[in-house]
Amino acid sequence: PKITKKSLDDLNGAKAFKYTGSDTIFWIAAEGEPHLLKIESTGSASDGTGFMTFSEWNAVKPHETPAKSDVVSVPGL
């Protein structure tokens with residue numbers, strides 16, 4: 001959507017950049033990593049309205065490559 005308004009707001013105690021489009025609002029973290037915090041659809045009820053909140057970014061530790069001794073090679077694959 002085309003951004004029509006932007007501001008610095010408070011989103012549940014966190015500073016966030018708020019970007020407002022024609023029928024969508026995005027909140028991006030203003031401190032630390034610029035993670036997406038929330039998306040809100042503000043269109044008509046028939047188009048579907050609602051919101052999604054994002055939290056706990058990087059809470060799950062990334063997978064590590066297994067040791068070479070733990071890798072099995074299958075011929076032909």
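Bear in mind that the values in this text are calculations on the coordinates, not laboratory data. Everything quoted here is computed from the prediction, not taken from an experiment. Please note: Cβ atoms are built from the backbone with ideal geometry, for glycine as well, and neighbour counts cover all protein chains shown.
Amide H contacts for L11 (H built 1.01 Å from N in the peptide plane; partners 5 or more residues away or on another chain; cut-off under 5 Å): A16.
Between A29, A14, A59, the residue with the greatest mean-square fluctuation in the GNM of the chain (Cα pairs under 10 Å linked by springs) is A59.
Karplus-based coupling profile of segment 68-73, in residue order and whole Hz: 4, 5, 9, 9, 10, 9, with θ = phi - 60° in 6.51 cos²θ - 1.76 cosθ + 1.60 and x standing for Gly or Pro.
D for segment 35-77, whole µm²/s, Stokes-Einstein with Kirkwood Rh over alpha-carbon pairs at 10 °C and 1.306 mPa s: what number?
Details: Rh = 15.2 Å.
The calculation lands on 105 µm²/s.
Over the chain, the hull volume per residue, using the convex hull of the C-alpha atoms, is 181 Å³. Close Lys pairs in the chain (alpha-carbon distance under 21 Å; sequence gap of 8 or more, or different chains): 10. For L37, the residues whose modelled amide H falls within less than 5 Å of its own, excluding neighbours fewer than 5 places apart on the same chain, are W27, I28, A29. The label point for M52 and the one for T24, both projected 7 Å from the Cα toward the Cβ, are 1.0 nm apart.
Over all directions, average the projected area of the Cα convex hull of segment 1-40 and note it in nm². Mind dumping the intermediate values first?
Details: hull surface 10.3 nm².
Across all orientations, segment 1-40 yields a mean hull projection of 2.6 nm².
The label point for L8 and the one for D70, both projected 7 Å from the Cα toward the Cβ, are 4.5 nm apart.
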